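Below is one structure, written out as structure tokens; the observations come after it.
The values are calculated or read from the model by the stated rules, or taken from the named source; none is laboratory data. Predicted model, so just to flag it, every value in this text is computed and none were measured. Every residue, glycine as well, gets a Cβ built from its backbone with ideal geometry; the counts of neighbours run over all protein chains shown.
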Amino acid sequence: MLQKVFKLQENKTSVKTEIVAGLTTFMTMAYIIALNPNLLTNFDGGSPLWNGVFLATCIASAIGMFVMAFAANKPFAMAPGMGLNSFFAVVVANIVSLTGMTYTASFQTALCIIFVEGIVFVVLSVLNVREKIVDAIPLGVRLGIAPAIGLMLMNIGLGSNVGVYSETGGPFYAMRDFFGALTPSLAKTNMGSGYAAMVLTVVTMFVGLFVIIVLAKKGVKGAVLLGMLVSSVVYWAGEAVFLKVNPFASLSTASFAPPFRDMADTTLFKLNFSGLAQIGWFTVITLVVTFCIIDMFDTIGTLVGTASRAGMLDKNGKMPNMKEALLADAVGTVAGSVTGTSTVTTFVESASGVEAGGRTGLTALTTGILFLACIFLAPIAAVIPAAATSSALIYVGVLMVTGLKNVDFSDIAQAAPVALMLIAMPVSGSIGHAIGIGLIVYTVIKLFTGKAKEVSVLTYVLSAIFLIKFFLVA
């Protein structure tokens, strides 16, 4: 049955490999299940709105992944996008300020914008417009997407995936505050009691990374997942021995009952269209366009970059079933808007599952099922230490950077866009913005070197749109 549906033999994989890959992807992105409602509700944990967003995160992500699994047969996972959810929270806060509505009512108004964005994407996906946009990205820029994502993954793993707080403040991060400190004694002074937790974090991170590398070098299946498990055990032991903390204490008081009533009261089909009139239709249109641009190129970048690493692109740099993969993202966004969360997009952490051997929709299906299970098992997912996921992100990032060997650095029209994307993506934290910079640089070089005819009309249009986005739309 699974062999027929997901064409496992044709894709040179197995049920076991796909399930392990799905579990690996889940473990690297499980943080979003708690982090997304925290960001969207100003860390109002346990409130009815928080509970509603929590359930919406699990349900909408699973719906998107199921479409990805059965329609596109690709191993890519989906969830409310980081960056997009932060922008959504800012929009909600601005609506509160502009209209005087409650945070919940403003939240429900902002969901309307996500709903419209999702519908636009469904239409564009069905009409193949989004696929044509993918094809319009020059090959050189496409080749640079995966390595740039790799640097962003390493930046997340080393820089921002784990924040340590103490009586002296925070968050403190490994790259900035531990490795970035002038001396260990200065770092210890700055972090106060958080220094011990930082040391444990760094040790855990590198133990997991080295375990993954050694196992992968030996050809062990599921090396990423095993490395994460080993690093988790190291972190839990360190918490118990050195920090005098019970790593599983939260499980004793955790509630495993899904808060469906709170979701029904706050987010489920609670689109507040009447609130849109209060913020002005020009603002609404601007917000819809902004969300569309960021989401479209974040998704395109993740799909192309991860598919490139998995060897899923043809000789022209195109991915089969791209239309269906883009449709999954659109359906997930619509599902998110009516259940109660911000834009659902393809997650860059999918690369960890691909590296674990995932090649078909069975990987996405496995991750989606695990997201649904978290409706009942979220407290268990919450005990996975962020330092363990950092190990996987850094490793996958290193592998994706190797894609630079395919870039022709002797051609400045390829080298310049790729080089700028490599720095723009980790610094801005946006795949879409980095691609926009790459497109603009590529277009300008071609235009002023007498090769304007080599640039497609759609590439000119995309470059112009990004210029407008960067300079006129905040």
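Scanning the range 255-300 for residues that are surrounded by 15 or more Cβ atoms within 10 Å (Cβ to Cβ), hydrophobic (A, V, I, L, M, F, W, C) and assigned to a loop (DSSP other than H, G, I, E, B) returns 268, 271.
Residue 340 falls short on exactly one of the conditions (1) in the same structural domain as residue 122 (by TED's automatic domain parsing); (2) at negative phi; (3) touching a residue at least 12 places away in the same chain (Cβ under 8 Å); (4) of a type outside the set (S, T, N, Q), and that condition is (2). Just one of (1) within 28 Å of residue 286 (Cβ to Cβ); (2) surrounded by fewer than 18 Cβ atoms within 10 Å (Cβ to Cβ); (3) of a type in the set (S, T, N, Q) trips up residue 9, so point out which. Single failed check for residue 9: (1). The numbered conditions (1) modelled with pLDDT of 90 or more; (2) surrounded by fewer than 16 Cβ atoms within 10 Å (Cβ to Cβ); (3) more than 18 Å from residue 458 (Cα to Cα) are all true for residue 151 except (2). Is it fair to say residue 384 is assigned to a loop (DSSP other than H, G, I, E, B) and surrounded by 18 or more Cβ atoms within 10 Å (Cβ to Cβ)? Spelling it out, residue 384 is indeed assigned to a loop (DSSP other than H, G, I, E, B) and surrounded by 18 or more Cβ atoms within 10 Å (Cβ to Cβ). Of 68, 27, all but one fail to be touching a Gly at 6+ places or on another chain (Cβ under 7 Å) and assigned to a helix (DSSP H, G or I); the exception is 68.
For first residues located in the range 196-215 and closer than 18 Å to residue 185 by Cβ and touching a residue at least 24 places away in the same chain (Cβ under 8 Å), partners that are surrounded by fewer than 18 Cβ atoms within 10 Å (Cβ to Cβ) and hydroxyl-bearing (Ser, Thr, Tyr) and lie 6+ apart or on another chain with Cβ distances below 7 Å do not occur. Does residue 373 meet the test of being outside the structural domain of residue 46 (by TED's automatic domain parsing), part of a helix (DSSP H, G or I), out of contact with any Leu (no Cβ under 9 Å at 6 or more places or on another chain) and of a type outside the set (D, E, K, R)? Answer is no for this residue. Screening residue 88 with (1) touching a residue at least 60 places away in the same chain (Cβ under 8 Å); (2) in a helix (DSSP H, G or I); (3) surrounded by fewer than 23 Cβ atoms within 10 Å (Cβ to Cβ) gives one miss only, at (3). Counting the residues of the range 230-279 that are over 27 Å from residue 375 (Cβ atoms) and either in contact with a Phe, Trp or Tyr (Cβ under 6 Å, 6 or more places away or on another chain) or of a type in the set (Ser, Thr, Tyr) (or both) gives 1.
Checking the structure you have, find out if any residue of the range 134-142 is within 30 Å of residue 422 (Cα to Cα), assigned by TED's automatic domain parsing to the domain that holds residue 317 and modelled with pLDDT of 90 or more. Yes, because at least one residue in the range 134-142 is within 30 Å of residue 422 (Cα to Cα), assigned by TED's automatic domain parsing to the domain that holds residue 317 and modelled with pLDDT of 90 or more.
Give 404, 399 a once-over and let me know the one that is at pLDDT below 90 and part of a helix (DSSP H, G or I).
399
Of all the numbered requirements in (1) surrounded by fewer than 23 Cβ atoms within 10 Å (Cβ to Cβ); (2) under 17 Å from the mean Cα position of the chain (by Cα); (3) aliphatic (A, V, I, L, M), residue 344 misses one, and that requirement is (1). Among the residues of the range 345-370, those identified as within 16 Å of residue 31 (Cβ to Cβ) and outside any helix (DSSP H, G or I) are 345, 347, 348, 349.
Have a look at 131, 117 and point out the one that is touching a Cys at 6+ places or on another chain (Cβ under 8 Å), charged (D, E, K, R) and touching a residue at least 60 places away in the same chain (Cβ under 8 Å). Break it down into steps so the answer makes sense when it comes.
Numbers: 131 fails: touching a Cys at 6+ places or on another chain (Cβ under 8 Å).
Among 131, 117, only 117 is touching a Cys at 6+ places or on another chain (Cβ under 8 Å), charged (D, E, K, R) and touching a residue at least 60 places away in the same chain (Cβ under 8 Å).
List the number of the failed condition for residue 424; all other conditions in (1) within 30 Å of residue 287 (Cβ to Cβ); (2) out of contact with any His (no Cβ under 8 Å at 6 or more places or on another chain); (3) of a type in the set (A, V, I, L, M) hold. Just one mismatch for residue 424, condition (2).
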